[in-house]
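**Student:** This structure is in structure tokens; I'll ask about it shortly.
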Amino acid sequence: DREYIYAIAFSSKMEPLSATLLSIGGLSSALVDPGRIFSFAILSGANSFMLFHNHVSGNPTPSKEDESVTRRIRDCGNLMRIQLTDHIIIGESSYYSMKEGGII
């Protein structure tokens, strides 16, 4: 009944280093703080990371805000040399990959 945002940090060999719950939102959104994302990635010693969140509606189609936030986080990661490898939205019985969708 809520949106959850998770992150997984990866080594340069794409081995998972750690995972964390970044935010719990409401029925239609969850705020994600870029500072918290990159603090997690840096403290994990990550070379890259992935984001995951769910859509309570069950429809994994990204909103304009999902796309915009993903691009901003990707750009911040590029500056810091910590790559956002994908942002996956989980629906009821399917998912949407921002990488596969060409957003990342």
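**Student:** Got at least one residue in region 6-13 being under 11 Å from the mean Cα position of the chain (by Cα) and of a type in the set (Gly, Ala, Ser)?
**Tutor:** yes
Yes/no per residue for (1) of a type outside the set (D, E, K, R); (2) more than 13 Å from the chain's Cα centre (by Cα); (3) open to solvent by less than 60 Å² (accessible area, probe 1.4 Å):
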| position | (1), (2), (3) |
| --- | --- |
| SER57 | yes, yes, no |
| LYS64 | no, yes, no |
| ARG71 | no, no, no |
| GLY77 | yes, no, yes |
| THR85 | yes, no, yes |
| ILE88 | yes, no, yes |
| GLY91 | yes, yes, yes |
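**Student:** Now a separate question. Among the candidates SER29, SER18, SER57, SER12, single out the residue that is in contact with a helix residue (DSSP H, G or I) (Cβ under 9 Å, 6 or more places away or on another chain), assigned to a loop (DSSP other than H, G, I, E, B) and of a type in the set (Ser, Thr, Tyr).
**Tutor:** One residue alone meets the criteria, SER29.
**Student:** Which residues, counting only those in region 20-53, are among the polar types (S, T, N, Q) and in contact (Cβ under 8 Å) with a residue 12 or more places away in the chain?
**Tutor:** Those that are among the polar types (S, T, N, Q) and in contact (Cβ under 8 Å) with a residue 12 or more places away in the chain: THR20, SER23, SER28, SER29, SER44, ASN47, SER48.
**Student:** Counting only residues that are assigned to a helix (DSSP H, G or I) and small (Gly, Ala, Ser), which one in region 60-77 is modelled with the highest pLDDT?
**Tutor:** Here the residue is GLY77.
**Student:** Yes or no: PHE38 modelled with pLDDT of 95 or more, assigned to a helix (DSSP H, G or I) and under 12 Å from the mean Cα position of the chain (by Cα)?
**Tutor:** Against the criterion (modelled with pLDDT of 95 or more, assigned to a helix (DSSP H, G or I) and under 12 Å from the mean Cα position of the chain (by Cα)), PHE38 qualifies.
**Student:** Check ASP75, ASP66 and return the single one that is among the acidic types (Asp, Glu) and within 20 Å of TYR95 (Cα to Cα).
**Tutor:** Only one candidate passes the filter, namely ASP66.
**Student:** When the residues of region 11-38 are filtered to those that are of a type outside the set (A, V, I, L, M) and under 20 Å from ARG71 (Cβ atoms), which remaining residue is surrounded by the fewest Cβ atoms within 10 Å (Cβ to Cβ)?
**Tutor:** Ranking the qualifying residues of region 11-38, first place goes to GLY35.
The values are calculated or read from the model by the stated rules, or taken from the named source; none is laboratory data. Given the structure is predicted, the values throughout are model-derived calculations rather than measurements. No Cβ is skipped: glycine too gets one built from the backbone with ideal geometry, and neighbour counts run over all protein chains shown. Ligands, DNA and RNA are stripped out before the accessible areas are found, and what is left, the full protein with its side chains, is counted by its heavy atoms. Shrake-Rupley method; radii C 1.70, N 1.55, O 1.52, S 1.80 Å.
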